[in-house]
Amino acid sequence: GELREVQLSSVLIDLDGRSCMLTASRDVTAQKRAERALLASEQRFRALIEHSFDAIALIDQNGTLLYGSPAATRITGRTSDEWIGQGVFERIHSADVPRVREVFANLIQNPSLIQHTQFRYLHKDETWIWLDVTATNLLDQPAVRAIVINYRDVTERKRTETALAVNEARFRAIVERGGDAFFLLDANGIVIFDTPPTAQNLGYSEKENLGRSSFELVHPDDLLTVR
């Protein structure tokens with residue numbers, strides 16, 4: 001009672017003066033099920049790639065771009081037609097190219113190797129953006145035969161990190177060059193940060209203070225109040 005899918009091949013023949021149809025049939029039910037499952041799987045993964053926040057690119061062993069997911073347009077400002085077939089190094093910042101070429105060379109020499117790096121890339125609007133990139137060598141995989149690049153725009157994060165570093169350096173300079181001594185203590189009163197003026201004010205070097213209990217330096221008459 002099961003419905004089966006059958007492939008028919010027919011040819012018109014003459015049989016004792018009568019026109020007849022010679023037909024050969026083959027059960028292709030299993031094959032059709034496999035084809036539908038493969039198609040569904042392909043559509044599923046294509047949907048995942050095309051709706052992913054991160055961009056995916058495929059490049060060959062020469063560094064030529066073969067494919068770019070839709071997210072690439074949002075990140076770089078360029079459509080696939082604008083950069084497919086171009087070299088991946090063409091729009092990387094010149095200061096970052098040597099490092100990226102070294103990563104690429106390691107990928108080519110080591111199948112299935114995964115590499116991570118960050119570099120500046122020229123956006124279509126002529127500004128530099130920072131990309132966080134993970135690359136996997138799948139050149140030896142018949143279904144892929146390419147280096148797979150997963151990347152995202154981390155420009156704002158890099159700007160924040162730079163601003164934090166500048167502020168940290170500024171406040172560190174203010175604290176370390178000021179006349180007052182500063183300590184950072186943990187919940188147990190252990191010194192975890194010290195400034196140079198401590199040596200001038202108390203006679204102890206920064207090295208001597210780090211890791212020491214601050215209560216060791218308090219006069220016994222004041223210890224209870226300080227605790």
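The values are calculated or read from the model by the stated rules, or taken from the named source; none is laboratory data. Everything numeric in this text was worked out from a predicted model, so none of it was measured. FYI the Cβ positions are ideal-geometry reconstructions off the backbone, even for glycines, and counts take in every protein chain you see. With ligands, DNA and RNA removed, areas are computed over all heavy atoms of the protein, side chains included. Shrake-Rupley method; radii C 1.70, N 1.55, O 1.52, S 1.80 Å.
Only one of E156, E206, E168, E161 is farther than 26 Å from L131 by Cβ and among the charged types (D, E, K, R); which? Sole residue among the options that is farther than 26 Å from L131 by Cβ and among the charged types (D, E, K, R): E206. When segment 174-204 is filtered for residues that are more than 16 Å from V218 (Cβ to Cβ) and hydroxyl-bearing (S, T, Y), only T195 remains. Of all residue pairs spaced 6 or more apart or on separate chains, those with beta-carbon atoms under 7 Å, a first member in segment 134-162 that is without any contact (Cβ under 8 Å) to a residue 60 or more places away in the chain and a second member that is of a type in the set (G, A, S) and open to solvent by 60 Å² or more (accessible area, probe 1.4 Å) are N137/S112. For segment 38-86, the set of residues classified as surrounded by 13 or more Cβ atoms within 10 Å (Cβ to Cβ), without any contact (Cβ under 8 Å) to a residue 24 or more places away in the chain, within 19 Å of V154 (Cα to Cα) and not aliphatic (A, V, I, L, M) consists of S52, G68, S69, P70, T73, listed by residue number. Looking across segment 87-112, the residues that are open to solvent by 50 Å² or more (accessible area, probe 1.4 Å) and within 18 Å of D60 (Cα to Cα) come down to E90, R91, R101, E102, N106, I108, Q109, N110, P111, S112.
Mind checking which helices (runs of 4 or more DSSP H) fall wholly inside segment 114-227 and carry at least 1 residues that are closer than 18 Å to A55 by Cα, open to solvent by 60 Å² or more (accessible area, probe 1.4 Å) and at pLDDT 90 or above? Don't jump to the end; show me each part of the working.
Working: elements: 155-177, 197-202, 206-209, 220-226.
Per the criteria, 155-177.
Only one of the listed residues (S41, S52, S9) is under 19 Å from the mean Cα position of the chain (by Cα) and either polar (S, T, N, Q) or modelled with pLDDT of 85 or more (or both). That residue is S52.
Would you mind stating whether V175 is aliphatic (A, V, I, L, M), closer than 30 Å to I56 by Cβ and out of contact with any Asp or Glu (no Cβ under 6 Å at 6 or more places or on another chain)? Judged against the criteria, V175 is not a match.
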